[in-house]
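The block underneath contains the structure these notes are about, expressed in structure tokens.
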Amino acid sequence: MTSIAIVGAGPQLGLAIARTFGSQGFDVALISRNREKLDGLVGTLTAEGITAAAFPADVLDRDALSQALKDAAAQFGGIDVLEYSPVGTMGSTALTTPAETEPSHVQHEIEFQLYGAIAATKAVLPAMREAAAGTLLYTTGAGSIDPVPQVGNVNAAAAALRNWAINLHKELDGTGIQAAHVGIDVSIGMSVVPGFPTAKPEQISPVYWELHTTKRDQAELVFSL
């Protein structure tokens, strides 16, 4: 049986990725902070014939995140695909331009984006190495590639995650394990910035399946309209 763990699972992109992989026979482990939200997603997927389970954990709690992934691996017989895309709560961090940014403005985002991804990877990579197979996918906004001054601190942390993910791809070359970065250059589901393109989650999620199956040599894919 194959399985995917989605860290930062929510009702938009996370659910769409779960459906994309679940429709291909994958079991789905959903990880985020909110147990009630996760239970609702599990119910939705179960009603669609997809095997799914909730493993609540905060990505800022490294031990809890690692344990959630270990619990998911124990329940589903391993984790074949890790997808990391947590979204911060609005208001949880101040958005700053580069000139306004203090180290503290970046620290929370680094903890959330980069350090959480590293912890999640360390929880699943040893088993993938042993199996000589697996997929590690890390999602950021496209500001990690082409930064926007209004969210300079968030973009800086996202760029750090992108750099680390692409470097991991290089390190794992030839091992049978694929690591890749997905840059999302649209608003998901609803427009946040006037005039900025918007895409449905279902338009984006096939990118992850392509990286897992037919584009395993690519270190990065950018979704745009």
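The values are calculated or read from the model by the stated rules, or taken from the named source; none is laboratory data. Owing to the predicted nature of the structure, the values given are computational and were not obtained by experimental measurement. With ideal geometry, Cβ positions are generated from the backbone for all residues, glycine too; neighbour counts draw on all protein chains shown. Side chains are part of the model used for accessible areas, which takes the heavy atoms of the whole protein and leaves out ligands, DNA and RNA. Shrake-Rupley method; radii C 1.70, N 1.55, O 1.52, S 1.80 Å.
Kindly provide the helix-only [θ] at 222 nm of the chain, computed as the sum of -39,500 (n - 2.57) over DSSP H runs of four or more divided by all residues, to the nearest 500 deg cm²/dmol?
Numbers: 8 runs with 93 residues, N = 225.
That calculation yields -12500 deg cm²/dmol at 222 nm.
Nearest 20 debye, what's the magnitude of the dipole of segment 1-144 about its Cα centre given +1 on Lys and Arg Cβ and -1 on Asp and Glu Cβ?
On the way: 8 positive and 15 negative charges, 48 e Å.
My answer is approximately 240 debye.
Tell me, what is the per residue accessible area of segment 1-147 in Å², probe radius 1.4 Å?
On the way: 6540 Å² over 147 residues.
For segment 1-147, the per-residue accessible area is 44 Å².
Among LEU114, GLN150, GLN178, whose Cα projects farthest towards the positive end of the dipole of segment 83-225, with charges put on the beta-carbon of Lys, Arg (+1) and Asp, Glu (-1)?
Ranked along the dipole, the leading option is GLN178.
Zone of LYS215 (label point 7 Å along Cα→Cβ, backbone N under 20 Å): which residues in segment 1-21?
Counting only backbone N, you get 4-7, 13-21.
Output the direction-averaged projected area (hull surface divided by four) of the convex hull of the alpha-carbon atoms of the chain, in nm².
11.7 nm²
Applying a 10 Å radius around every beta-carbon, put 69-79, 19-29, 134-144 in order of their mean neighbour count, most first.
Going from most to least packed, we get 134-144, 19-29, 69-79.
Ranked highest first by average number of other Cβ atoms within 10 Å, how do 207-214, 100-107 line up? Don't skip to the end; give the middle numbers.
Values: 207-214: 18.5, 100-107: 13.6.
Those peptides, ordered most packed to least, come out 207-214, 100-107.
How much accessible surface does SER187 have with a 1.4 Å probe, in Å² rounded to 10?
Rounded to the nearest 10, the figure is 10 Å².
Tell me the angle of helix 13-22 to the major Cα principal axis of the chain, expressed in degrees between 0 and 90 and rounded to the nearest ten.
Helix 13-22 sits at roughly 20 degrees to that axis.
With angles folded into 0 to 90 degrees, how steeply does helix 35-47 sit against the dominant principal axis of the chain? Use alpha carbons for both and round to 10.
It is inclined by approximately 50 degrees.
On each of the three principal axes of the Cα atoms of segment 120-225, give max minus min coordinate, whole Å, ordered largest first.
Result, largest extent first: 47, 28, 21 Å.
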